[in-house]
Amino acid sequence: MEREKNSLPVVILCGGQGTRMQGDTMTKKELVEVGGRPIIWHVMKIYAAYGHTRFILTLGHQAEALKRYFLEYEAMSGDFTIGLGEPSGITYHTNDRENWEVTLADTGLDTEKGTRIYRVARYIDTSTFFVTYGDGVGDINLDALLAFHREHGRLATVTGVRPRLQYGLLQADASGLVTGFVQKPQLEYWINAGFMVFERGVLDYLAGHDVHLEREALPRLAADGQLMMYRHTGFWRSMDTFKEALELDLLWRQSAPWKVWR
């Protein structure tokens with residue numbers, strides 16, 4: 001069933017409303033730009049850097065915006081010459097054109113993430129596949145993640161990260177005397193950062209009406225001993241708010257810590 005051993009399809013969850021971003025911008029969250037490119041482009045570039053260039057996007061809210069972006073991708077990403085009145089009379093002059101296959105699939109307006117994955121199963125032609133969010137980036141070693149997944153032999157792997165608290169902490173004694181500050185400490189608990197690897201058997205956990213991925217499917221996999229966590233201790237950041245988009249844009253200009261491609 002495997003097409004290419006080193007190339008797996010990547011399901012990108014991008015059908016939600018992005019409610020925490022609303023009010024600051026009318027742009028679809030995954031299309032909010034970081035360094036002049038939509039955040040979803042950065043996610044795709046991470047996977048493409050490891051040879052995974054077949055993407056399946058689960059569309060919902062503002063599906064037309066994502067469809068339009070990819071339909072116009074080449075024309076809007078570089079120079080081109082057009083021969084008016086000639087069929088297919090467009091010549092693109094971009095040297096770094098992406099050799100990607102992108103499937104855009106409508107999975108419903110208010111569908112839960114688990115069901116969105118289940119609804120694109122017909123486009124998944126491998127026994128193993130990636131699933132991730134359309135708004136999180138990191139310097140994840142996808143080769144190491146995939147090797148970890150294949151070694152443990154369970155149905156699913158999530159990438160865990162330890163986030164930093166967005167606030168500084170006060171240290172004080174019993175009387176209230178402040179004895180120190182800790183600026184945005186790294187927390188002890190792990191969270192699901194996306195960058196997941198699933199076997200087709202996971203689809204059995206996603207069958208049904210509006211299956212929630214994080215509250216239903218993943219806990220059931222854990223209860224059945226079929227879920228493992230790959231620990232990532234490097235850079236990772238999600239983009240849920242416009243403030244976080246601005247912070248990522250600044251990071252891109254300063255150091256681009258998630259840029260694993262050349």
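The values are calculated or read from the model by the stated rules, or taken from the named source; none is laboratory data. Computed from a predicted model, the values in this text were never measured in an experiment. We place every Cβ from the backbone using ideal geometry, glycine too, and count neighbours over all the protein chains shown.
The set of residues in region 50-91 that are of a type in the set (A, V, I, L, M), under 30 Å from residue 209 (Cα atoms) and free of Cβ contacts under 8 Å to residues at least 40 places away in the same chain contains only 65.
For region 251-262, the count of residues that are surrounded by fewer than 14 Cβ atoms within 10 Å (Cβ to Cβ) and in contact with a Gly (Cβ under 8 Å, 6 or more places away or on another chain) is nonzero. Applying the criterion of being over 16 Å from the mean Cα position of the chain (by Cα) and under 24 Å from residue 124 (Cα atoms) to the residues of region 5-40, the residue that is modelled with the highest pLDDT is 7.
Taking the listed residues 94, 111, the one that is farther than 19 Å from residue 36 by Cα and either β-branched (Val, Ile, Thr) or touching a residue at least 40 places away in the same chain (Cβ under 8 Å) (or both) is 111, with no other qualifying.
Filtering region 121-130 to residues that are over 16 Å from the mean Cα position of the chain (by Cα) and either touching a residue at least 24 places away in the same chain (Cβ under 8 Å) or buried (at least 17 other Cβ atoms within 10 Å of the Cβ) (or both) leaves 121, 123, 124, 125, 126, 127, 128.
Count, please, the residues in region 52-96 that happen to be acidic (Asp, Glu), at pLDDT below 95 and either out of contact with any strand residue (DSSP E or B) (no Cβ under 8 Å at 6 or more places or on another chain) or surrounded by fewer than 14 Cβ atoms within 10 Å (Cβ to Cβ) (or both).
Applying the first criterion (acidic (Asp, Glu)) to region 52-96 yields 64, 72, 74, 79, 86, 96.
Add one more test, that the residue is at pLDDT below 95, and what stays is 72, 74, 79, 86, 96.
Now narrow it down to the ones that are either out of contact with any strand residue (DSSP E or B) (no Cβ under 8 Å at 6 or more places or on another chain) or surrounded by fewer than 14 Cβ atoms within 10 Å (Cβ to Cβ) (or both): 72, 79, 86, 96.
Total meeting the criteria: 4.
Checking the conditions here, which among 223, 256 is over 14 Å from residue 158 (Cβ atoms) and free of Cβ contacts under 8 Å to residues at least 12 places away in the same chain?
On the way: 256 fails: free of Cβ contacts under 8 Å to residues at least 12 places away in the same chain.
Matching residue, one of 223, 256: 223.
Considering every residue within region 133-148, establish whether at least one is modelled with pLDDT of 90 or more, within 18 Å of residue 217 (Cβ to Cβ) and surrounded by 11 or more Cβ atoms within 10 Å (Cβ to Cβ). There is at least one residue in region 133-148 that is modelled with pLDDT of 90 or more, within 18 Å of residue 217 (Cβ to Cβ) and surrounded by 11 or more Cβ atoms within 10 Å (Cβ to Cβ).
Scanning region 131-169 for residues that are out of contact with any Pro (no Cβ under 8 Å at 6 or more places or on another chain), hydrophobic (A, V, I, L, M, F, W, C) and without any contact (Cβ under 8 Å) to a residue 60 or more places away in the chain returns a single hit, 147.
The criterion of being surrounded by fewer than 20 Cβ atoms within 10 Å (Cβ to Cβ) and at pLDDT 95 or above holds for residue 106.
With respect to (1) at pLDDT below 95; (2) on the phi < 0 side of the Ramachandran plot; (3) not charged (D, E, K, R), the lone exception for residue 123 is condition (1). For the condition in contact with a helix residue (DSSP H, G or I) (Cβ under 8 Å, 6 or more places away or on another chain), farther than 23 Å from residue 142 by Cβ, at pLDDT 95 or above and of a type in the set (A, V, I, L, M), what is the one hit in 217, 245? Answer to the selection: 245.
Any residue at all in region 173-186 that is within 21 Å of residue 217 (Cα to Cα), surrounded by 12 or more Cβ atoms within 10 Å (Cβ to Cβ) and not polar (S, T, N, Q)?
Looking only at region 173-186, we keep the residues that are within 21 Å of residue 217 (Cα to Cα), and these are none.
The answer is no, given that none of the residues of region 173-186 is within 21 Å of residue 217 (Cα to Cα), surrounded by 12 or more Cβ atoms within 10 Å (Cβ to Cβ) and not polar (S, T, N, Q).
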